[in-house]
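S.K.: Have a look at this one.
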Amino acid sequence: MLVSKPIRFTVAIDGPAAAGKGTVAKGLADHFGFSHLDTGLLYRAIAVKALVGEDPITAANELVASDMTSQTLQSPKVARMASKVAVIPQVRAALLAFQENFASQDGGAVLDGRDIGTIICPEAQIKIFITASAEIRAKRRYDELQSKGLETSYDEVLRDVKERDERDMTRKDAPLKPAHDAHILDTSGLSIMASLQKAIDITSTAFVKAMKI
Ligand code: C5P
């Protein structure tokens, strides 16, 4: 469906690592013609700088778009560090305005992350919490890393996923949890296409209502 008139419509997608939220978010954005922001990249870009000794708070305040394009952002080491810098309240605060502005742009926006429905876009028209068992998520992430030629083992990926879940869910500032009004989408037994179709169905209903079309 292509939308031609200017619109304000925000889709907030949250969930743990490798639940499929990135693929669903991108697919939703393509389907509706909305812009997409993978907010994990912001934390990963800060992590890359922290790994070479930069202060994460300074890195967060000085972040520029080109920091989000490096190939190294996808490595497990960077993911691990991202969940560590994401615990720091000043890092999260420095990223707030950019994410809020992205969410309220004309033309519609899909943001995926951990705190989109709860903190960044509490007024989003649609909130989806995408989840799956830790074992299935680890298998997906392991396959993805293998296909990119990154050396790792399934056990290591599973350990990483569980460790990151724990840190993301128990931190004081903006912990990972479903917003009270989020749709829960468990993708454990679903293909990516089936997961995307469910997200499209959920969003279409709200979109038609919001646009009165
Ligand atoms: O989604 P992704 O795996 O790229 O996120 C990396 C890390 O960044 C997460 O484990 C989480 O700690 C942090 N993050 C966050 N809030 C977001 C997006 C990511 O705390 N909105």
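S.K.: For segment 44-61, check the following and say yes or no: at least one residue is more than 14 Å from the ligand (Cβ to nearest atom) and modelled with pLDDT under 95.
M.R.: No, segment 44-61 contains no residue that is more than 14 Å from the ligand (Cβ to nearest atom) and modelled with pLDDT under 95.
S.K.: Name every residue in segment 149-173 that is touching a Ser or Thr at 6+ places or on another chain (Cβ under 9 Å) and outside any helix (DSSP H, G or I), in order of residue number.
M.R.: Answer for segment 149-173, where residues must be touching a Ser or Thr at 6+ places or on another chain (Cβ under 9 Å) and outside any helix (DSSP H, G or I): Leu150, Arg171.
S.K.: Now a separate question. Looking only at segment 76-97, which residues are of a type in the set (A, V, I, L, M) and either touching a His at 6+ places or on another chain (Cβ under 9 Å) or within 11 Å of the ligand (Cβ to nearest atom) (or both)?
M.R.: If the condition is that a residue be of a type in the set (A, V, I, L, M) and either touching a His at 6+ places or on another chain (Cβ under 9 Å) or within 11 Å of the ligand (Cβ to nearest atom) (or both), then Val78, Ala79, Met81, Ala82, Val85, Ala86, Val87, Ile88, Val91, Leu95, Leu96 are the ones that fit.
S.K.: Also: Condition first: part of a loop (DSSP other than H, G, I, E, B), open to solvent by 60 Å² or more (accessible area, probe 1.4 Å) and more than 16 Å from the ligand (Cβ to nearest atom). Now tell me which residues in segment 174-192 satisfy that.
M.R.: Within segment 174-192, His180, Asp181, Gly189, Ser191 meet the criteria.
Rundown of residues vs (1) under 21 Å from Met68 (Cα atoms); (2) more than 14 Å from the ligand (Cβ to nearest atom); (3) open to solvent by 70 Å² or more (accessible area, probe 1.4 Å), yes/no style:
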site	(1), (2), (3)
Gln99	yes, no, no
Ile116	yes, no, no
Ile120	yes, no, no
Ile126	no, yes, no
Phe129	no, no, no
Ile136	no, yes, no
Lys139	no, yes, yes
Gln146	no, yes, yes
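S.K.: Right, another one. If you check Leu73, Leu37, Leu41, which single one turns out to be within 12 Å of the ligand (Cβ to nearest atom), farther than 20 Å from Glu100 by Cβ and either within 13 Å of the chain's Cα centre (by Cα) or assigned to a helix (DSSP H, G or I) (or both)?
M.R.: The match here is Leu73.
S.K.: Inside segment 17-34, can you point out the residues that are within 8 Å of the ligand (Cβ to nearest atom) and open to solvent by less than 10 Å² (accessible area, probe 1.4 Å)?
M.R.: Correct list: Ala17 only.
S.K.: Going through Val161, Val208 one at a time, which residue ends up being out of contact with any strand residue (DSSP E or B) (no Cβ under 9 Å at 6 or more places or on another chain), exposed (fewer than 13 other Cβ atoms within 10 Å of the Cβ) and over 15 Å from Val24 (Cβ atoms)? Working first, answer last.
M.R.: On the way: Val161 fails: exposed (fewer than 13 other Cβ atoms within 10 Å of the Cβ).
Of Val161, Val208, the one residue that is out of contact with any strand residue (DSSP E or B) (no Cβ under 9 Å at 6 or more places or on another chain), exposed (fewer than 13 other Cβ atoms within 10 Å of the Cβ) and over 15 Å from Val24 (Cβ atoms) is Val208.
S.K.: Could you check how many residues of segment 1-18 are modelled with pLDDT under 95 and within 16 Å of the chain's Cα centre (by Cα)?
M.R.: 2
S.K.: Which of (1) aliphatic (A, V, I, L, M); (2) away from the ligand (no atom under 13 Å from the Cβ); (3) surrounded by 16 or more Cβ atoms within 10 Å (Cβ to Cβ); (4) farther than 20 Å from Thr23 by Cβ is the odd one out, the single condition Ala109 does not satisfy?
M.R.: With (1) aliphatic (A, V, I, L, M); (2) away from the ligand (no atom under 13 Å from the Cβ); (3) surrounded by 16 or more Cβ atoms within 10 Å (Cβ to Cβ); (4) farther than 20 Å from Thr23 by Cβ applied to Ala109, the lone miss is (4).
The values are calculated or read from the model by the stated rules, or taken from the named source; none is laboratory data. Bear in mind the structure is a predicted one, so any value in this text is a computation, not a measurement. Virtual Cβ from ideal backbone geometry, glycine too; neighbours counted across all protein chains shown. The protein model used for the area step is the full one, side chains on, heavy atoms only, and it has no ligands, DNA or RNA in it. Shrake-Rupley method; radii C 1.70, N 1.55, O 1.52, S 1.80 Å.
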